[in-house]
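Colleague: Right, I'll just put the structure down here and ask away after.
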């Protein structure tokens, strides 16, 4: 199929001109393709993770080990989506070590690493969880998915104040209690716009 800009255009939801490698806190939502509920279910207003849901949570917690300038904050795995706060803390001393003068010529000798952007973090997370989910389907009979595990894009919000951070943390923690009215819940019937 040939690319037709009149038919195949996607509007970016990213803030134009904003540097998403900039230190700060970001609220991220990542959704499963076709709203399939693959990570567990809600019972008594609590999220009950299945093995796939535990896997997603584990990889989110690994972000700080993978990226030295990343910290994770509040998060929740929902039946078919994920909410989390990721904090880019900026340069840290581990990424700019004193060059080792004993290193072999041409070796890295402690060259500084660059800051990672939010999109790269989300892409790594989506890739690693997709690969492990596929292994779970093959080895543990997890529910298969059609096409992609995650939707193509993700939602993000730049957190600008401490009050906003607290409000978003509360939203994340309270998300399971609101599942019946969640637009990501495939059983929710939302009123039509007039």
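Bear in mind these aren't lab numbers, they're just calculated from the coordinates by the rules spelled out. Nothing here was measured: the structure is a model prediction, and the numbers come from that model. As a convention, Cβ positions derive from the backbone with ideal geometry for all residues, glycine included, and neighbour counts pool all protein chains shown.
Colleague: Which order do peptides 25-31, 165-171 fall in by mean Cβ count within 10 Å, highest first?
Modeller: 25-31, 165-171
Colleague: So if each residue of separation counts as 0.36 nm, and I subtract the Cα-Cα distance between residue 43 and residue 177, what length gain in nm does that give?
Modeller: Computed gain between residue 43 and residue 177 is 47.3 nm.
Colleague: May I pose another question? Taking R0 as 30 Å, what's the FRET efficiency between residue 29 and residue 139 from their Cβ-Cβ distance, rounded to 0.05?
Modeller: Efficiency computed from Cβ-Cβ geometry: 0.55.
Colleague: Still on this model: Which order, highest average first, do 136-143, 76-83 follow once you tally other Cβ atoms within 10 Å for each residue and take the mean per peptide?
Modeller: Listed from highest to lowest mean packing, they are 76-83, 136-143.
Colleague: Next question. Any chance you could check the Cα centroid distance between the range 117-135 and the range 141-156 for me, in angstrom?
Modeller: Using only Cα atoms to place each centre, the spacing works out to 11 Å.
Colleague: Which ordering of 70, 86 is given by a fewest-first count of other beta-carbon atoms within 10 Å?
Modeller: Exposure proxy ranking, most exposed first: 70, 86.
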